[in-house]
Amino acid sequence: MFYTRFWGVRGSIPTPGPTTVLYGGNTACLEIRAGERLLIVDLGTGVKPFGDWLVANEIKKHPINADIFVTHTHWDHIMGFPMFTPIFVPGTRLKIWGSVSYDGDTLEKVIGAQLSYRYWPVRLDELSAHIEYEELKQGSYDLGGGLNLVTKYLNHPTLCLGYRFEYEGKSIVTAFDNEPFYNLFTTDKDDPAYNEEAAREGEQTAALENRRMLEFIKGADALVYDTSYTEDEYKSHIGWGHSSYETAIGNSLKSGVKKLICFHHEPRRNDDELATLEAGFRERYASEPLEILMAREGMTVEV
């Protein structure tokens, strides 16, 4: 058994309301099951309904024991943690994995700071759950029980990790928040800031990282990829740390991905717009060996 289920699919800010009922308005949270292992990717507001589901369906059978993988600590990816019901239940054991964060603060400090009287009526030391933290870098990790993890740094305004979970010959990959790597140095020879060597090295570095991205997602059975924008929209959002549908599809085709799940929906994108985009891309690439899905809350993808 190896699958992922979506509890939060939205980017940047929760968007509840009548125009987001079909695809959902909660921010990022994925459930992954690898045999008996429970993995959670990100602690956006979608972790609240997931926690409630766990308490209603699983705590009577056994305590909750989960590994939580935080892609990065921007607020929309961690803001659901104080409302994750299992943290208040004795016997819950959580191991939270993620990258070393901003300004030298630890993962524990950034996530735990939400549970202080400044922001929340319950403090971190009042929780009933046993919580450990493990900081990750780019690399490969044996998680035990036949489960392997590969991590990759993504292109985002703060340190952000992509996760590749491999189990029984299958793979589920997450790549959000992320945008294509590009040359940070000007290539305009008439620009006073132009430096030939810097421009050349910038081009080489961007090309190398984009090739590494293709290798990271290569052959994925399910790829959950940042698709905040259309390609036209992306042109006015370069540097924001998010990708386009066209980039996600192009990279998936180049890398032999089997299923692409478009994720991190732009908060202004309503159900009708998402449905139109989904139908359009599925029709346009119908002849390609790639299944394209638009992430919806409650959707399960088996591999």
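The values are calculated or read from the model by the stated rules, or taken from the named source; none is laboratory data. A quick note: this is a predicted structure, and the numbers were derived from the prediction, not measured. Note: ideal-geometry Cβ built from the backbone for every residue, glycine included; neighbour counts use all protein chains shown.
In this structure, does residue 115 turn out to be under 29 Å from residue 215 (Cβ atoms) and of a type in the set (A, V, I, L, M)?
Spelling it out, it is not the case that residue 115 is under 29 Å from residue 215 (Cβ atoms) and of a type in the set (A, V, I, L, M).
Scan region 188-207 and tell me whether some residue there is closer than 30 Å to residue 261 by Cα and either under 19 Å from the mean Cα position of the chain (by Cα) or among the aromatic types (Phe, Trp, Tyr) (or both).
No: region 188-207 contains no residue that is closer than 30 Å to residue 261 by Cα and either under 19 Å from the mean Cα position of the chain (by Cα) or among the aromatic types (Phe, Trp, Tyr) (or both).
Only one of 152, 109, 137 is basic (Lys, Arg) and within 20 Å of residue 28 (Cβ to Cβ). Can you tell me which?
Details: 109 fails: within 20 Å of residue 28 (Cβ to Cβ); 137 fails: within 20 Å of residue 28 (Cβ to Cβ).
Of the residues listed, the single one that is basic (Lys, Arg) and within 20 Å of residue 28 (Cβ to Cβ) is 152.
How about region 204-216: which of its residues are within 13 Å of residue 180 (Cβ to Cβ) and without any contact (Cβ under 8 Å) to a residue 60 or more places away in the chain?
205, 206, 207, 208, 209, 210, 211, 214
Quickly run through region 240-261 and pick out the residues that are of a type outside the set (Phe, Trp, Tyr), out of contact with any strand residue (DSSP E or B) (no Cβ under 6 Å at 6 or more places or on another chain) and touching a residue at least 12 places away in the same chain (Cβ under 8 Å).
241, 246, 247, 249, 251, 253, 254, 255, 256, 258
Conditions: (1) over 25 Å from residue 293 (Cβ atoms); (2) in contact with a Phe, Trp or Tyr (Cβ under 9 Å, 6 or more places away or on another chain). Residue 204 meets all but one. Number of the miss?
With respect to (1) over 25 Å from residue 293 (Cβ atoms); (2) in contact with a Phe, Trp or Tyr (Cβ under 9 Å, 6 or more places away or on another chain), residue 204 is out only on (2).
Which residue pairs have Cβ atoms closer than 8 Å, lie 6 or more positions apart in sequence or on different chains, and pair a first residue in region 269-283 that is within 16 Å of residue 249 (Cβ to Cβ) and hydrophobic (A, V, I, L, M, F, W, C) with a second residue that is assigned to a helix (DSSP H, G or I) and modelled with pLDDT of 95 or more?
Listed pairs, sorted by first residue: 277/245; 281/245; 281/249.
Please verify whether region 47-55 includes one or more residues that are more than 13 Å from the chain's Cα centre (by Cα) and not in a helix (DSSP H, G or I).
no
Which of the residues spanning region 47-65 are buried (at least 20 other Cβ atoms within 10 Å of the Cβ) and either free of Cβ contacts under 8 Å to residues at least 24 places away in the same chain or aliphatic (A, V, I, L, M) (or both)?
47, 54, 64
For residue 167, all conditions in the list (1) touching a His at 6+ places or on another chain (Cβ under 6 Å); (2) over 16 Å from residue 224 (Cα atoms); (3) buried (at least 18 other Cβ atoms within 10 Å of the Cβ) hold save one; what is the number of the exception?
Here residue 167 clears every test but (1).
Exactly one condition in (1) in contact (Cβ under 8 Å) with a residue 40 or more places away in the chain; (2) under 27 Å from residue 144 (Cα atoms); (3) surrounded by fewer than 22 Cβ atoms within 10 Å (Cβ to Cβ); (4) of a type outside the set (A, V, I, L, M) is not met by residue 71; state its number.
(3)
Restricting attention to region 203-220, does a residue exist that is modelled with pLDDT of 75 or more, β-branched (Val, Ile, Thr) and either under 15 Å from residue 138 (Cα atoms) or surrounded by fewer than 19 Cβ atoms within 10 Å (Cβ to Cβ) (or both)?
The answer is yes, given that some residue of region 203-220 is modelled with pLDDT of 75 or more, β-branched (Val, Ile, Thr) and either under 15 Å from residue 138 (Cα atoms) or surrounded by fewer than 19 Cβ atoms within 10 Å (Cβ to Cβ) (or both).
If you go through region 221-241 one residue at a time, how many are closer than 14 Å to residue 173 by Cα and over 15 Å from the mean Cα position of the chain (by Cα)?
Restricting attention to region 221-241, the residues satisfying the condition of being closer than 14 Å to residue 173 by Cα are 221-226.
Filter once more, so that each one left must be over 15 Å from the mean Cα position of the chain (by Cα): 221.
Going through region 221-241 one residue at a time, the tally reaches 1.
How many of the residues in region 87-137 are farther than 20 Å from residue 163 by Cβ and in contact (Cβ under 8 Å) with a residue 40 or more places away in the chain?
Residues meeting the conditions: 7.
Which of the residues that make up region 56-105 are of a type in the set (S, T, N, Q) and under 22 Å from the mean Cα position of the chain (by Cα)?
Correct list: 65, 71, 73, 85, 99, 101.
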